[in-house]
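Data first, discussion second: the structure below is written as structure tokens.
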Amino acid sequence: MDIKVLRDNHKLLAEYKYELGKIDKGYTGRSLFVNISENKIESKPVSQMMKDKFVGGKGFGLWYLWNATTPSTKWNDPENEIIICGGPVCGITQYPGSGKSLVCSISPATDMPIDSNVGGYFGPLLKFSGWDALELQGKSEKDIIIVIDGNNGTVRIEEASLEAVDGHVLGEQLTEMYADNEEDKRNVAVVTAGSGAEHTRMGLLNFTFYDPRRKVARLKQAGRGGIGTVFRDKKVKALVVKFSSVKGDLNNPFDQGILNRTGIKLHKEVHDLDPKQNNMRKIGTANIIEVMDEYDLLPVMNYQYGNHPDTQKIKSTVFIDKYITQGVQDGCWYGCSLACAKAADNFLLKTGPYKGHKVTVDGPEYENAAGLGSNCAIFDPEGILELNFYCDTYGIDTISFGTATAFAMECYERGIINKEITGGLELNFGNFDSAAQLLHQMSKGEGFGVVVGQGIHRMKELFAEKYGADADFLFDIGMEQKGLEYSEYGSKESLAQQGGYGLTNKGPQHDEAWLIFMDMVNNQIPTFEDKAEALHYFPMFRTWFGLYGLCKLPWNDIAPANNKFTSEPAKIPEHVQNYLDIVYGVTGKRLGTDDMVRESERVYNFQRIFNIRLGKGLRKNDKTPYRSMGPVTKEEYESRQERYDGQLKEKIGYDVTGKTTEEKMAVLRSYREDQYEKLTDAVYKRRGWNSNGVPTIEHLKELGMDLPELIEVVKGLQ
Amino acid sequence: MIKVNNRDFQWEQGMTVDDIMKIKKFSWPKIIVKINGQHVEEEDYKTRIVNDGDDVQMLHLLAGG
Ligand code: SF4
């Protein structure tokens with residue numbers, strides 16, 4: 001449809017004019033509050049307390065969310081918010097990975113706060129338009145868009161009924177609509193969800209950035225936890241921001257020189273070493289598909305196994321040689337030389353409403369290839385790219401979709417569900433057509449796709465209640481915790497990673513801690529205390545990226561040549577120093593590594609208490625499915641019998657001679673479950689929590705987080 | 001017997017760093033190798049002989065997905 005027709009059809013519901021303002025050392029000092037129930041738009045000051053205790057990014061998001069909601073707020077209540085905030089470093093162009101936004105909301109999957117880290121230009125352009133954060137509240141009756149014009153200082157809420165809903169179409173339409181000309185398109189950033197977000201609990205948000213070489217609006221995803229579902233439930237079709245004069249010094253940094261120097265150092269490192277290390281610039285994060293397979297860590301058939309002979313069909317070189325466009329600088333914000341935002345161009349779609357279209361597919365990232373591919377036993381690169389594309393444009397989280405589909409497939413193969421229940425879909429492992437059908441059903445809101453789209457947590461309940469499935473078995477094989485699907489790594493052989501998934505605030509996403517190699521292969525953290533230390537340091541360190549608007553990848557997906565000579569190479573000490581220098585350069589704040597951990601601890605403990613306020617966040621909520629810890633079925637045990645028998649002998653002194661598989665499995669299980677409990681004790685202790693997982697008042701005092709509203713929540717649980 | 005990452009490992013006469021990596025199927029591109037605390041450069045993996053009783057560390061550098 002003609003863009004002019006779409007635009008002429010818009011109805012202005014509210015307009016707000018503001019002074020453009022100036023950024024001072026990374027902060028604009030105010031947030032944009034928009035309530036779409038009342039069509040109210042306001043400016044809110046950012047207080048010194050917020051900067052001191054919450055820093056920015058996810059910290060600001062959680063603080064606003066806490067104040068906007070009550071202990072009984074549900075994800076689809078009008079008071080639930082979606083907050084987008086970059087953080088003080090967000091928007092610098094000198095250092096790779098400095099354009100991330102953090103998005104927070106109460107999740108329809110977990111019924112507690114979720115946060116998701118995303119690239120694309122929205123966060124930085126929002127800040128340059130004069131706003132540290134966007135706080136979106138309320139529910140509209142009709143489909144609307146919100147347009148922030150950072151050139152003229154206006155914010156408008158407009159009814160927009162004719163535009164598409166699917167991300168790749170809507171992103172293009174609005175980029176075209178709000179750019180003055182082709183050149184201007186890179187100054188427009190759009191946030192969309194997609195049609196699938198309307199009918200599932202795994203909706204995501206697409207953040208665009210315009211790619212002038214390909215001439216398409218590329219999509220980066222705030223994937224986890226169903227924020228896109230909240231977005232569509234509020235009837236928001238899109239957010240648009242426009243800002244035309246991006247420059248390297250717009251943050252008005254305290255010391256520009258140090259930013260330049262630190263950036264140049266890392267660019268050189270990336271240039272010299274990336275080809276020898278991870279090849280991020282050629283393939284992005286998908287470089288590890290075959291590596292995970294070789295180490296028996298790739299999720300195969302709903303995490304039953306860790307490798308498969310057919311992985312060679314989807315290994316990274318297949319994507320590099322045949323699909324992923326090479327030689328293009330694919331950064332998701334200016335200045336990212338690591339440039340991992342790869343894409344397959346001119347990809348011909350074979351199914352669904354866009355069948356026959358040639359499209360740009362953003363990806364595949366490792367998680368997509370593993371979740372949509374090996375975990376569902378779809379060892380077909382084109383199948384993976386097709387599912388990847390449709391997940392994105394429909395606004396569906398690839399990880400939750402992959403893991404939930406793998407679960408449904410296992411249930412189908414085991415006869416827990418059948419063709420009658422699936423509405424005729426043959427959900428066998430490896431059946432690409434059925435997986436694609438599920439996805440198209442999610443978009444239309446029909447069929448078994450809607451059931452899978454509710455996620456594993458709700459599927460387990462349904463299968464047990466309605467179809468008489470064994471609830472305990474479903475608990476064992478359903479790879480979700482706290483309502484969120486696991487991301488795509490097998491954790492059976494790494495106790496520390498079981499904690500890296502299970503002892504998290506938002507659910508089993510590996511972005512808090514990825515300790516598999518340190519633990520299982522390197523054997524660097526053998527004791528419970530060692531593991532607890534790692535499960536303290538890494539989650540805090542990684543939370544910190546989300547406070548400042550940073551991408552985690554340039555921290556450890558590239559390492560300095562002399563990193564191996566340092567005392568703690570896993571931490572990449574030189575890069576940690578780079579980050580401290582950058583924060584100093586932008587804000588003028590001189591932090592040490594301990595301060596860094598402290599800053600994160602404040603927000604991390606706040607999030608834990610937020611969970612507790614919503615009736616979660618206790619030890620019982622940190623229990624994990626046994627599939628994440630060990631072999632649930634005979635087939636799994638027997639496929640790695642030598643390993644398990646060996647462990648029974650060596651670690652427990654159990655004589656396996658003459659024992660049945662069932663007997664051995666039972667002994668192994670009780671041992672591993674006990675290990676997880678002991679790990680939980682050690683981690684809670686290290687984090688300053690009591691044995692029920694509740695932050696102690698003493699610890700909150702130490703952190704300077706003994707705010708009355710927090711004490712109120714935890715005091716009865718000490 | 002030698003130690004590889006603090007676990008017992010069957011030693012054989014003439015064994016090199018590269019041999020151990022093959023047996024262990026260590027294919028990750030970023031591995032730091034130390035023998036008795038001394039670094040071994042990648043170009044020496046095929047020629048560096050490991051002696052009985054050595055303490056070998058093959059540290060995979062990846063702390064994040
Ligand atoms: S490393 Fe990749 S995800 Fe991170 S900022 Fe750069 S392009 Fe974006």
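Details
- For the stretch A:510-588, the convex hull drawn through the C-alpha positions has a volume of 106 cubic angstrom per residue.
- Using just its DSSP H runs of length 4 or more, each adding -39500 (n - 2.57), chain A gives a mean residue ellipticity at 222 nm of -11500 deg cm²/dmol after division by all residues.
- For the protein assembly as shown, Kirkwood radius (reciprocal of mean inverse C-alpha pair distance, Å): 26.6 Å
- Of the chymotrypsin sites (Phe, Trp or Tyr not before Pro) found in the stretch A:179-226, no site is in coil according to DSSP while having at most 13 other Cβ atoms within 10 Å of its Cβ.
- Sparsely packed trypsin sites (Lys or Arg not before Pro) within the stretch A:399-502, loop by DSSP, other Cβ within 10 Å at most 15: A:ARG414, A:LYS419
- Neighbour counts of C-beta atoms inside 10 Å place A:CYS85, A:CYS391 in the sequence A:CYS391, A:CYS85, starting with the fewest.
- Along principal axes, Cα extents of the stretch A:617-690, largest first, whole Å: 45, 23, 15
- Sorting A:ASP380, A:ASP392, A:ASP293 from the fewest to the most surrounding beta carbons within 10 angstrom yields A:ASP380, A:ASP293, A:ASP392.
- Phi-based couplings in Hz for the stretch A:6-15 (Karplus 6.51, -1.76, 1.60; Gly and Pro marked x): 4, 5, 4, 7, 5, 10, 6, 9, 7, 9
- Under 5 Å from the amide H of A:GLY57 lie the amide H atoms of A:GLY86, A:GLY87, each residue being 5 or more positions distant or on a separate chain, with H modelled from the backbone and absent for Pro and chain starts.
- The 3J(HN,Hα) values that the Karplus relation (6.51, -1.76, 1.60; θ = phi - 60°) gives for the stretch A:78-84 are, in residue order, x, 6, 4, 10, 10, 10, 10 Hz. Gly and Pro appear as x.
- The helix-only estimate of mean residue ellipticity at 222 nm for chain B, built from DSSP H runs of length n ≥ 4 each weighted as -39500 (n - 2.57), is -3500 deg cm²/dmol after division by the residue total.
- Net +/- balance of residues flanking A:LEU425 in space, Cβ distance below 9 Å, scoring K and R +1, D and E -1: -1
- Peptide A:544-551 is shielded by partner chain Cβ atoms: per residue, an average of 0 of them sit within 10 Å of its Cβ.
- Looking at the stretch A:210-298, none of the GluC sites (Glu not before Pro) sits in a DSSP loop with at most 14 other Cβ atoms within 10 Å of its own Cβ.
- The distance separating the Cα centre of the stretch A:295-353 from that of the stretch A:402-468 comes to 25 Å.
- Think of the protein assembly as shown as a dipole: +1 on every Lys or Arg Cβ, -1 on every Asp or Glu Cβ, centred on the Cα centre; then among A:GLN326, A:ILE144, A:PRO526, A:ILE144 lies furthest on the positive end.
- In the distance distribution for the stretch B:2-60, Cα-Cα pairs more than 16 Å apart total 31 percent.
- Placing a label point 7 Å from the Cα of A:ASN418 along the Cα-to-Cβ line, the residues of the stretch A:453-478 whose backbone N sits under 18 Å from it are A:463-470.
- The stretch A:3-242: C-alpha gyration tensor shape, a/c 1.5 cut-off, then a/b vs b/c: rounded
- Set A:LYS649/B:LYS24; A:LYS53/A:LYS685; A:LYS282/B:LYS30 screened for pairs whose C-alpha atoms are more than 19 Å apart: A:LYS649/B:LYS24; A:LYS53/A:LYS685
- Phi-derived couplings, Karplus 6.51 cos²θ - 1.76 cosθ + 1.60 at θ = phi - 60°, listed residue by residue for the stretch A:464-475: 6, 6, 8, 10, x, 5, 6, 4, 5, 5, 4, 4 Hz, with x used for Gly and Pro.
- Positive contributions from Lys and Arg (+1) and negative ones from Asp and Glu (-1), summed over other residues with Cβ under 13 Å from the Cβ of A:LYS715, come out at -2.
Where a number appears in this text, it was derived from the coordinates with a stated rule and is not lab data. Because the structure is a prediction, the values reported are computed rather than measured. Cβ coordinates were reconstructed from backbone atoms using ideal geometry, including for glycine residues, and neighbour counts include every protein chain displayed.
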